[in-house]
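Structure, as structure tokens:
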Amino acid sequence: MGDLKKTKALLVYPKYPDTFWSFKHILKFISKKAAFPPLGLLTVAAMLPKEWDKKLVDMNIQELNDKEIIQADLVFISAMLVQEESARETIKRCKSLGKTIVVGGPAFTTGYEKFPEVDHFVLNEAEITLPLFLKDLKEGKLKKIYTSTERPEITKTPIPEWSLINFKDYGTMAVQYSRGCPFNCEFCDIIIMNGRNPRTKTPGQTINELQSLYNAGWRGSVFIVDDNFIGNKTNVKQMLPKLIEWQSKNKYPFQFLTEASLNLADDKELMQMMSKANFNKVFLGIESPSVKSLKECGKFQNTERNLADSVKIIHKNGLQVMGGFIVGFDNDTEKVFESQIKFIQEVGIVTAMVGVLNALPKTRLWDRLKKEGRLLEDTSGENTDGSINFIPKMGKEKLYRGYKKIISTIYSPKHYFKRINTFLNHYKQKAKGKISLSMISAFFKSMWSIGIVSKARFQYWKLLIRTSITRRKLLPVAIEQAIYWKHFAKIVQKTTEENSLKYPQIIKTRV
């Protein structure tokens, strides 16, 4: 390769399909191109030698052209399962141009065997495996696979290389505070990737990372991407006072959203600290109102509680709950579809991601279904597209019809906007934030796109008028939720246009 100090590294992030979390259909409201930046690649870039020439191409932002590939010495690709199709196309293009390809990330860590054309796999956590790759690169003795079961402390993980992206392209920035989750849900691959012992960054390290984001010019929404932000409550309670102090000192430049577990509702002190630190949204895996189904999948942390009361407590403490729900468990009967609709509506979870159960590679669910002879093929990684990769006990057609009924009901204008009102009645806003020009612009765009030409126009104006009269301070929240409907309605339309459940018929030899 010549002089390694002059290595040109091209980091490529493949395209996402149109998904529940892509927010593709509403990004135009705020003049953005993608919801979130490729945090993994930005962090990997910071781990590469400083003297290297690095370029990042996020294919969700811009096209990857042949000139960029030709000029590179090494092409690094990171992807999640849902990006597999785009990743394959990118690998094929780079190989046709004679490039050495290095890959990592979830899509490859749990399924590298599917990509024989790739030159080098840097799997698992990069803090361990990337230095091994770089050492062998320097010594001229590269191996095909670099893997490790070691769980590194993340206290020395570098600050992402923000200079490789344009902040104006993204709706929300992303940072990581912890890895791992103490729970062991059967369907979840988080513990496969990151283990059950939540590891955290130090308070000082976290503040330094946020300061770097602030210094680089970012203001607004920040997604703390941890799969369970409160997995290590002791450490997070030590960090939050520092974050509260930093936010106050800097006049609250960031509003945070994150993912957690429902036991957050049990800890009033923690909820209050998160609110004071300017957290305003939290995604929770609720999964099902059926206790039998929760026990089946090992979600025991949700079985000994009133799910509705827990959500309402979190709403009253200033955190908007975004909920994850699943249908297709062995214990699910046809009654589960109405139960899911009723729960989501009565509790007022506006952003409700309802998906069909899928078996992710190497999870406990994957192993069990394989032993039972019910596993079919690899999952798409997108559990809201109506796909399924195992034989459900309910029967595929019943499952699809029920799933279609849930999403078409809860995202109908009548049910969706009623849910916003229910949420606003429970919610006590505590987060601080200024109304930006992009928010004002988004509102005016929504007046036409939703308030005049959509089938939700009546519900839209009814919501805004009612909120203006009864809870004026929550009007920005109401407008934001109304705009989200535009995206969710498009996703539901795309999914329900399919005539039947996406259901593979041939059992592949790999499983």
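The values are calculated or read from the model by the stated rules, or taken from the named source; none is laboratory data. All values derive from a computational prediction rather than experimental measurement. In this analysis, Cβ positions are derived from the backbone assuming ideal geometry, glycine residues included, and neighbour counts consider all displayed protein chains.
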Is it the case that some residue within the range 283-290 is among the aromatic types (Phe, Trp, Tyr), under 30 Å from Asn389 (Cα atoms) and either buried (at least 19 other Cβ atoms within 10 Å of the Cβ) or at pLDDT 95 or above (or both)? yes
Can you tell me which of (1) touching a helix residue (DSSP H, G or I) at 6+ places or on another chain (Cβ under 9 Å); (2) in a loop (DSSP other than H, G, I, E, B) is the one Glu377 doesn't meet? (1)
The one condition in (1) touching a Gly at 6+ places or on another chain (Cβ under 8 Å); (2) part of a helix (DSSP H, G or I); (3) buried (at least 16 other Cβ atoms within 10 Å of the Cβ) that Asn425 fails to fulfil: (3)
Among the residues of the range 100-148, which ones are under 24 Å from Val82 (Cβ atoms), among the charged types (D, E, K, R) and either in contact (Cβ under 8 Å) with a residue 40 or more places away in the chain or not assigned by TED's automatic domain parsing to the domain that holds Ala46 (or both)? Glu113, Lys114, Glu125
Residue list for the range 4-45, filter: surrounded by fewer than 18 Cβ atoms within 10 Å (Cβ to Cβ) and among the small types (Gly, Ala, Ser): Ser31
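Here is a check on your reading of the model: is Ile145 among the hydrophobic types (A, V, I, L, M, F, W, C) and surrounded by 14 or more Cβ atoms within 10 Å (Cβ to Cβ)?
no
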Going by what's in this entry, would Ser412 be described as under 30 Å from Ile313 (Cβ atoms), surrounded by fewer than 21 Cβ atoms within 10 Å (Cβ to Cβ) and among the small types (Gly, Ala, Ser)? yes
I'd like to check something: does the range 277-285 contain any residue that is more than 24 Å from Phe20 (Cα to Cα) and either part of a loop (DSSP other than H, G, I, E, B) or over 21 Å from the mean Cα position of the chain (by Cα) (or both)? yes
Can you say whether Gln211 is within 24 Å of Ser436 (Cβ to Cβ), modelled with pLDDT of 95 or more and surrounded by fewer than 20 Cβ atoms within 10 Å (Cβ to Cβ), as far as the supplied structure shows? yes
Going through the range 142-157 in order, the residues found to be at pLDDT 95 or above, farther than 16 Å from Gly231 by Cβ and in contact with an Asp or Glu (Cβ under 9 Å, 6 or more places away or on another chain) are Leu142, Lys143, Lys144, Tyr146, Ser148, Glu150, Pro152, Thr157
Provide a single number: the residues in the range 326-338 that are surrounded by 17 or more Cβ atoms within 10 Å (Cβ to Cβ) and either acidic (Asp, Glu) or free of Cβ contacts under 8 Å to residues at least 60 places away in the same chain (or both). 2
Can you pull out every residue in the range 150-180 that is in a strand (DSSP E or B) and of a type in the set (Phe, Trp, Tyr)? Tyr170
Leu463: passes all of (1) modelled with pLDDT under 95; (2) more than 25 Å from Ser310 (Cα to Cα) but (1)
